[in-house]
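Chemist: Next up is a structure, given as structure tokens.
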Amino acid sequence: MEEQTYAKFSASRVRSVITAPIATLLALALLPRDFFDLSKYPVTTVILDVLFVVFLYVAVRTWIVVIRGPVNLRLAADGLTMRRGRRELTLPWADVSLVRISWKSKVPWVVVWLAEAVPADRVPVRAERDGSYRVLPIGRGRSVRRRMKQAAGFRTEIMGYAGRYIDVSWD
């Protein structure tokens, strides 16, 4: 019996799990100002309002990452498996048009273009405007050095399993 080999990649949510409640508490701490009369200090009021908006933005973004569920990507000789939460899709390499590592907000993402035969409602991640799917953030919550190391590891694995499907240029 031959053992199936594959490479598995997942996105870490540890930093988001820690950051979300802290940012939420800081935003809530900046919200009530009834017991302070800050009408004499308009600059302080503006600074507190800006800090509230910043912490609220960070809290919402990190809670989305926490609630959305873990993202997993498995590469094997017979195909690609995407999983987010309870939704999973396994595709043969013939249904994958292109795989690219694309940079968005200083984070490398695995971006996949699929054949037109694959219905978009079966894919566990949402489609982008150009028809691609941003599947997995590589090294989320990690240092730049570790992020680059993981991106190089992913690139090596995809070249081994399906080298003709990867775009070798980095965005």
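The values are calculated or read from the model by the stated rules, or taken from the named source; none is laboratory data. Only a predicted model underlies this, so the values are computations on that prediction, with no experimental measurement involved. FYI the Cβ positions are ideal-geometry reconstructions off the backbone, even for glycines, and counts take in every protein chain you see. Remember, those area values only see protein heavy atoms, side chains included, never the ligands or the DNA or RNA. Shrake-Rupley method; radii C 1.70, N 1.55, O 1.52, S 1.80 Å.
Chemist: Straight-line reach from Lys106: which lysines fall under 24 Å, measuring Cα to Cα and dropping same-chain residues less than 8 apart?
Modeler: Hits, sequence-local ones excluded: Lys8, Lys149.
Chemist: When the accessible area of the chain is split by element with a 1.4 Å probe, what percent falls to carbon and sulfur?
Modeler: Its accessible area is 59 percent carbon and sulfur atoms.
Chemist: What accessible area per residue comes out for region 6-100, rounded to a whole number of Å², with a 1.4 Å probe?
Modeler: Working: 6180 Å² over 95 residues.
Heavy-atom accessible area per residue stands at 65 Å².
Chemist: For the chain, what does the relative contact order come out to in percent, with C-alpha contacts under 8 Å and a separation of six or more?
Modeler: 23 percent
Chemist: Mean residue ellipticity at 222 nm from the helices of the chain, using -39,500 (n - 2.57) per DSSP H segment of n ≥ 4 over the full residue count, to the nearest 500 deg cm²/dmol?
Modeler: Numbers: 3 runs with 63 residues, N = 171.
Mean residue ellipticity, 222 nm, calculated: -13000 deg cm²/dmol.
Chemist: Test of understanding: in a Gaussian network model of the chain with alpha carbons linked when under 10 Å, which of Val144, Val123, Val71 would top the mean-square fluctuation ranking?
Modeler: Of the options given, Val144 has the highest mean-square fluctuation.
Chemist: Let me ask you something else. Select one label from [x] 56, 28, 26; [y] 43, 37, 28; [z] 75, 35, 33: the one whose number is Cα extents along the principal axes in Å as derived from the coordinates shown.
Modeler: This structure yields the entry labelled [z].
Chemist: Using packing as a proxy for protection, rank 88-95, 115-122 so that the peptide with the highest average count of other Cβ atoms within 10 Å comes first. Display every interim value, and only then the final one.
Modeler: Numbers: 88-95: 14.4, 115-122: 10.1.
Final packing ranking: 88-95, 115-122.
Chemist: To the nearest 10 degrees, how steeply does helix 42-68 sit against the main Cα axis of the chain, on a 0 to 90 scale?
Modeler: 30 degrees
Chemist: Pairing the Cα long axis of helix 14-30 with the longest principal axis of the chain, what angle in degrees results, from 0 to 90 and rounded to the nearest 10?
Modeler: Relative to the chain, helix 14-30 is tipped by roughly 20 degrees.
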